[in-house]
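Asks: Pasting in a structure now, in structure tokens, and then I'll have a few things to ask.
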Amino acid sequence: MRENDFLKWIAEHTPVHSGVPLGIGDDMAAVLLGGTNPLALLKIDQCLDLVHFDLRKHSASQAGTKAVNRCLSDCAAMACSPAAIMISVALPNEGPGSGESFAQELFLACQAAAAKFNCPLVGGDTSIWDQRLAITVAALGAATSNKLITRSGAKPGDTIFVSGALGGSILGRHLSFSPRIELAKKILAAAGEKLHAMMDLSDGLAQDLPRLATASNVGAEIHTANLPIHEDAYTLSENDHIPAGLHALADGEDYELLFALDPEAVPNIVNLTDIPLTAIGTVTADKKLALVDETGKSHPWPNIGWQHKS
Ligand SMILES: [Mg+2]
């Protein structure tokens with residue numbers, strides 16, 4: 001299919017959206033941010049064959065869904081509403097990811113993943129080359145609060161929470177996770193100014209918590225007994241004999257929320273949704289990160305973490 005034909009096909013398969021007065025087909029798209037807050041948040045994220053997915057075993061739909069959801073997970077991290085996404089795709093001219101039907105399936109999967117959050121796909125770019133599939137997704141988010149929810153606001157004494165359960169995402173969750181957008185907005189609505197810092201877990205708690213602590217100029221104590229360990233981590237542990245708790249710390253691509261909350265606000269966020277929120281530790285002033293075991297003994301933060309590979 002020639003590029004013009006594919007672009008025409010995309011335009012025909014793009015539904016009208018009330019937040020998009022000017023969509024695909026012109027030189028730029030126009031998007032209404034909605035709400036009463038004029039603050040726009042921006043994000044761009046790359047997803048590559050053999051790095052973030054593997055087209056020898058994963059479908060166009062899985063690749064497209066993951067590419068969009070990774071970007072939307074950052075919208076969750078900022079507790080914003082995704083107002084629009086754009087996608088740039090470099091399609092291979094042969095092998096996995098080539099061909100018209102693949103490109104169409106990929107587009108429809110991207111559009112459907114965004115539509116779950118009422119987020120329109122308003123444009124993008126396609127080209128064909130002799131390398132593997134590369135998908136780049138950019139998101140425009142509308143802030144839901146006057147205060148930016150960043151990584152840098154954690155304060156000593158804050159309670160550290162994670163959503164869901166961690167570890168073992170390589171068994172399939174890294175392709176099928178759901179960005180915690182609604183949950184993040186509910187946490188912000190319930191905690192207000194007492195939500196001090198938040199991020200999404202993409203590279204594993206062992207790597208991501210130090211990022212939040214460094215940005216906030218604080219330390220943290222995490223209680224290993226409190227870590228919510230996903231059943232996938234136990235499954236993985238049976239095969240590789242690495243403790244499930246270590247998988248929960250080190251495995252990447254959980255796409256759960258990590259946040260620091262004034263302890264006064266903890267009662268406000270109990271039972272917000274059916275997604276569990278677990279207090280795993282406390283922010284400290286001394287800028288050190290420590291793991292505290294069941295006996296109360298403190299251990300240095302593990303220098304482990306996950307590198308993206310499919
Ligand atoms: Mg992130």
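Just so you know, all these numbers are worked out from the coordinates, no wet-lab data involved. Since the structure is predicted, the reported quantities are computational estimates derived from the model, not experimental observations. Cβ coordinates were reconstructed from backbone atoms using ideal geometry, including for glycine residues, and neighbour counts include every protein chain displayed.
Asks: When the chain is fully extended, how far beyond the present Cα-Cα distance does residue 7 get from residue 57, taking 0.36 nm per residue of separation?
Replies: Values: separation 50, 0.36 × 50 = 18.00 nm, distance 2.73 nm.
Gain in length upon complete extension: 15.3 nm.
Asks: Relative to the present Cα-Cα distance, how much length would full extension add between residue 274 and residue 298 at 0.36 nm per residue of separation?
Replies: 5.4 nm
Asks: How large is the charge dipole for the chain, taken about the Cα centre, if only the Cβ atoms of Lys, Arg (+1) and Asp, Glu (-1) carry charge, to the nearest 20 debye?
Replies: Taking the Cα centre of the chain as origin, the dipole is about 560 debye.
Asks: Separate question: With a 10 Å cut-off between alpha carbons and a GNM built on the chain, which of 151, 132, 180 moves the most?
Replies: For the chain, modelled as a Gaussian network with Cα springs under 10 Å, the answer is 132.
Asks: Longer than 29 Å from Cα to Cα, which of 8/147; 186/297; 8/186; 8/116 are they? Say none if no pair is.
Replies: Violating the 29 Å limit, Cα to Cα: 8/147; 186/297; 8/186.
Asks: So, one more: Output the direction-averaged projected area (hull surface divided by four) of the convex hull of the alpha-carbon atoms of the stretch 159-300, in nm².
Replies: 8.4
Asks: Just to be sure I understand: with springs between alpha-carbon atoms less than 10 Å apart, which residue in 122, 283, 16 has the highest mean-square fluctuation in the Gaussian network model of the chain?
Replies: 16
Asks: Beyond 23 Å, how much of the Cα-Cα pair distribution for the chain remains, as a whole percent?
Replies: Pairs farther apart than 23 Å: 58 percent.
Asks: Alpha carbon centre of the stretch 67-120 versus the stretch 203-227: separation in Å?
Replies: The stretch 67-120 and the stretch 203-227 have Cα centres spaced 30 Å from each other.
Asks: Run the dipole for the stretch 159-300 about the Cα centre, Lys and Arg Cβ at +1, Asp and Glu Cβ at -1, nothing else charged, and hand back the magnitude in debye, nearest 20.
Replies: 400
Asks: What length, rounded to one decimal in nm, is gained on full extension from residue 104 through to residue 235, with 0.36 nm per residue of separation minus their alpha-carbon distance?
Replies: Working it through step by step, the gained length comes to 43.6 nm.
Asks: Also: Listed highest first by mean packing, meaning other Cβ atoms within 10 Å per residue, what order do 217-224, 93-100 come in?
Replies: So the peptides 217-224, 93-100, ranked by packing, come out 217-224, 93-100.
Asks: Among 19, 204, 252, which one shows the highest mean-square fluctuation when the chain is modelled as a Gaussian network with alpha-carbon springs under 10 Å?
Replies: Ranking 19, 204, 252 by mean-square fluctuation puts 19 first.
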